[in-house]
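Chemist: Shown below is the structure under consideration.
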Amino acid sequence: MDISKIDWRPKLPQKKDFGIGIIGCGGIVQYAHLPAYRKAGFNVVACYDINKEAAEALATQWNIPNVYTSLDELLADPAVEIIDIAVQPWHQLGIVEKAAAAQKHMLCQKPLSDEFTNAVKIVELAKKAGVKQAINHQMRWDAGIAAAKEMITQGWIGQPTDAQIQVGCETPWQMWPWLSSSPRLEVLFHSIHYLDSLRFLFGDPAWVTSRHTKYPQQGEVKAETKTVTVLDYADGLQVLVSVNHYDIHGETFAIFKFIGTEGAIEGTIGLMYDYPAGRPDTLEFRQKGKEPISLPLDEMWIPDAFVGPMAGLMHAIETDGIPPTNTEDNLNTLRVVNAAYLSAQENRSVRPSEIQG
Ligand SMILES: NC(=O)c1ccc[n+]([C@@H]2O[C@H](COP(=O)([O-])OP(=O)(O)OC[C@H]3O[C@@H](n4cnc5c(N)ncnc54)[C@H](O)[C@@H]3O)[C@@H](O)[C@H]2O)c1
């Protein structure tokens, strides 16, 4: 077992110059998508935002050659081969309808939709149009998670028995003013990353049990900001996701722990220590009676992991394959998310298969 041989870096496609058209030129595109694409050598050819100034500012900052003033104009540009959507989830379906009609491949932002039925429609539109459609669940390429995936697949921990992601932080909600009024918050917009990554590592759970609460002084933020979700697997694996966005007195902590019959992987999620600047993840492998072994990780969730979903989509286009974060599979992440809300609402455990479009 040589930990230095664990390969956790994103794999780039052969062809890196697919023309990318950005739809929605807000925060996440500025500080995550575009720094990652520049680093990977991807080719952003156009952008569009309902707020013209936002699109113009982005184009100036990142040397994007074409700024369009309508979605139709951008979709009519033959140089645009992939649409990179980064708008609020309730706007995503309308954009996908037009992009599918224009036969463009798509990278959608998470969550695919705030309504499960609309997420199903988004997937069906791409299938009917015969275009590739992926979702930006980039935590799968976050160094600690990508390395853990390699190690679990290679059998380092044996049979997984217990997985935990626990986060206590003070979240800068002011970065997303549109989230304050959302009737669903923590699981749909934040824990969704952990739930998707846990599906990536361990597959689909049999049962979801979730409890949600609020902080007494969370002001105009309307929905849940502290949640505990338990996933039970058919083989006995039990998963805990526990997140508190108002852990305001102590120091931030953001840990993952994947325990199995042969060993355990333990680490920290660097991004959460100072969002969005963050720090690199840490990862240690532990076995009973042995010294822990560390794997040095030098890349960050933001922006480095944002290379992964786009690279995976490009690889699927060039090989006519399935993107690693294809949206049809993502419906199962959304089933877990929606099962968590149903569980909290009805005070019971829910099977993800109960969630149907
Ligand atoms: N993957 C991640 O880790 C991650 C992190 C943060 C945000 N997000 C997601 O990214 C999306 C955008 O978040 P943000 O923080 O950048 O928000 P933002 O408000 O900063 O940016 C959104 C932009 O989309 C534009 N827009 C809205 N509707 C549009 C439409 N119909 N057509 C064109 N442009 C439109 C807005 O004018 C705005 O400029 C959200 O869905 C959010 O959940 C994902």
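The values are calculated or read from the model by the stated rules, or taken from the named source; none is laboratory data. Note that the coordinates shown come from a computational prediction; the quantities given were computed from them, not determined experimentally. Positions of Cβ are backbone-derived with ideal geometry, glycine not excepted, and every protein chain shown enters the neighbour counts. Quick note on the areas: whole protein, heavy atoms, side chains included, nothing else; ligands and nucleic acids left out. Shrake-Rupley method; radii C 1.70, N 1.55, O 1.52, S 1.80 Å.
Chemist: Using a ≥ b ≥ c from the Cα gyration tensor of the stretch 101-141 (square roots of the eigenvalues), is it rounded, prolate or oblate, where a/c under 1.5 gives rounded and otherwise the larger of a/b and b/c decides, a/b for prolate? If you can, show how the numbers build up before the last one.
Modeler: Details: a/c = 2.60, a/b = 1.26, b/c = 2.07.
Oblate shape, in that a/c is at least 1.5 and b/c is the bigger or equal ratio.
Chemist: Let me know the shape class of the stretch 219-357, please: from the alpha-carbon gyration tensor, a ≥ b ≥ c as square roots of the eigenvalues, rounded when a/c is under 1.5, otherwise prolate if a/b is greater than b/c, or oblate. Walk me through the numbers on the way to the answer.
Modeler: Details: a/c = 1.28, a/b = 1.08, b/c = 1.19.
It is rounded, given that a/c, with a ≥ b ≥ c, falls under 1.5.
Chemist: So for the pair Gln154, Thr213, with labels modelled 7 Å out along Cα→Cβ, what separation do we get in nm?
Modeler: In this crude label model, Gln154 to Thr213 measures out at 4.2 nm.
Chemist: For Asn63 and Ile248, compute 0.36 nm times the residue count separating them, minus their Cα-Cα distance, and round to one decimal in nm.
Modeler: Values: separation 185, 0.36 × 185 = 66.60 nm, distance 3.95 nm.
Roughly 62.6 nm would be gained on extension.
Chemist: Follow-up question, since we're still on this one. What fraction of the DSSP beta bridges in the chain is antiparallel, stated in percent and rounded to the nearest 5?
Modeler: Working: 37 of 62 bridges.
Roughly 60 percent of the DSSP beta bridges within the chain come out antiparallel.
Chemist: Suppose only helical runs count, i.e. DSSP H with n ≥ 4. What mean residue ellipticity at 222 nm does that imply for the chain under -39500 (n - 2.57) per run, divided by all residues and rounded to the nearest 500 deg cm²/dmol? Numbers along the way, then the final one.
Modeler: Numbers: 9 runs with 103 residues, N = 357.
It comes out at -9000 deg cm²/dmol, rounded to the nearest 500.
Chemist: Moving to a separate point now. Less than 13 Å Cβ to Cβ from Phe306, Lys/Arg counted +1 and Asp/Glu -1: what total charge do the surrounding residues give?
Modeler: Values: positive: Arg38, Lys39, Lys110, Arg140; negative: Asp84, Asp142, Glu299, Asp304.
Net of charged neighbours comes to 0.
Chemist: Would you work out the relative contact order for the chain, in percent, from Cα pairs under 8 angstrom that are 6 or more residues apart?
Modeler: Once divided by the residue count of the chain, the mean separation gives 21 percent.
Chemist: Here's another thing I want to ask about it. What is the sum of charges around Pro280, taking Lys and Arg as +1, Asp and Glu as -1, for the other residues whose C-beta is under 11 Å from the C-beta of Pro280?
Modeler: Details: positive: Arg279; negative: Asp142, Asp281, Asp298, Glu299, Asp304.
Here the count lands on -4.
Chemist: Still on this structure, I have one more. Taking the Cα centre of the stretch 108-243 as origin and charging only Cβ (+1 Lys, Arg; -1 Asp, Glu), how large is the dipole, in debye to the nearest 20? Mind dumping the intermediate values first?
Modeler: Details: 13 positive and 14 negative charges, 81 e Å.
Value, rounded to 20: 380 debye.
Chemist: Any idea how far the Cα center of the stretch 283-308 sits from the one of the stretch 20-68, in Å?
Modeler: Distance between centres, Cα-based: 31 Å.
Chemist: Lys pairs in the stretch 32-189, Cα-Cα under 16 Å, at least 8 apart or on separate chains: how many?
Modeler: 9
Chemist: What is the extension gain from Arg286 to Ser70, computed as 0.36 nm multiplied by their sequence separation minus the C-alpha to C-alpha distance, in nm to one decimal?
Modeler: Values: separation 216, 0.36 × 216 = 77.76 nm, distance 5.40 nm.
72.4 nm is the gain from fully extending Arg286 to Ser70.
Chemist: Rounding to the nearest 20 debye, state how big the charge dipole of the stretch 217-357 is about its Cα centre with +1 on each Lys and Arg Cβ and -1 on each Asp and Glu Cβ. If you can, show how the numbers build up before the last one.
Modeler: On the way: 10 positive and 21 negative charges, 101 e Å.
It works out to roughly 480 debye.
Chemist: Okay, moving on. Which whole-angstrom value gives the distance between the alpha carbon centres of the stretch 133-185 and the stretch 197-248?
Modeler: Answer, in whole Å: 11.
Chemist: Once you order the gyration tensor axes a ≥ b ≥ c over the Cα atoms, which shape class does the chain get: rounded for a/c under 1.5, otherwise prolate or oblate by comparing a/b with b/c? Spell out each step's value before the answer.
Modeler: Values: a/c = 1.56, a/b = 1.34, b/c = 1.16.
Because a/c hits 1.5 or more and a/b exceeds b/c, the chain counts as prolate.
Chemist: Still on this structure, please answer the following. What ratio of Cα Rg to 2.2 N^0.38 Å holds for the stretch 4-128?
Modeler: Values: Rg = 14.8 Å, N = 125, 2.2 N^0.38 = 13.8 Å.
For the stretch 4-128, the normalised Cα radius of gyration comes out at 1.08.
Chemist: Let me ask something else. For the stretch 175-294, what is the charge dipole size about the Cα centre, in debye to the nearest 20, if Lys and Arg each add +1 at the Cβ and Asp and Glu each add -1 at the Cβ?
Modeler: Values: 11 positive and 15 negative charges, 43 e Å.
Dipole size: approximately 200 debye.
Chemist: How charged is the neighbourhood of Arg199? Take every other residue with its Cβ under 12 Å from the Cβ of Arg199, and add Lys/Arg as +1 and Asp/Glu as -1. Before the final figure, lay out the partial values.
Modeler: Details: positive: Arg140, Lys149, Arg335; negative: Asp196, Asp204, Asp329.
With Lys, Arg at +1 and Asp, Glu at -1, the neighbours total 0.
Chemist: Taking only protein heavy atoms into account and a 1.4 Å probe, give the accessible area per residue of the chain in Å².
Modeler: Roughly 42 Å² per residue, with all protein chains present.
Chemist: Something else about it: Grab the Cα-Cα distance for Lys222 and Ser180, subtract it from 0.36 nm times how many residues apart they are, and report the gain in nm with one decimal.
Modeler: On the way: separation 42, 0.36 × 42 = 15.12 nm, distance 0.57 nm.
That pair, Lys222 and Ser180, stretches by 14.5 nm at full extension.
Chemist: Continuing with the same structure: From the phi angles alone, apply the Karplus equation (6.51, -1.76, 1.60; θ = phi - 60°) to the stretch 314-320 and give each ³J(HN,Hα) in whole Hz, x where the residue is Gly or Pro.
Modeler: Rounded to whole hertz, the list is 4, 4, 5, 5, 6, 10, 6.
Chemist: Could the peptides 308-317, 133-142 be put in order, highest first, of the mean number of other beta-carbon atoms found within 10 Å of their residues?
Modeler: On the way: 308-317: 24.1, 133-142: 26.7.
Averaged packing, sorted descending, gives the order 133-142, 308-317.
Chemist: Place the peptides 9-21, 323-335, 264-276, 284-296 in order of packing, highest mean first, counting for every residue the other Cβ atoms within 10 Å and averaging per peptide.
Modeler: Working: 9-21: 16.8, 323-335: 22.9, 264-276: 20.1, 284-296: 12.5.
My ranking of the peptides, most packed first, is 323-335, 264-276, 9-21, 284-296.
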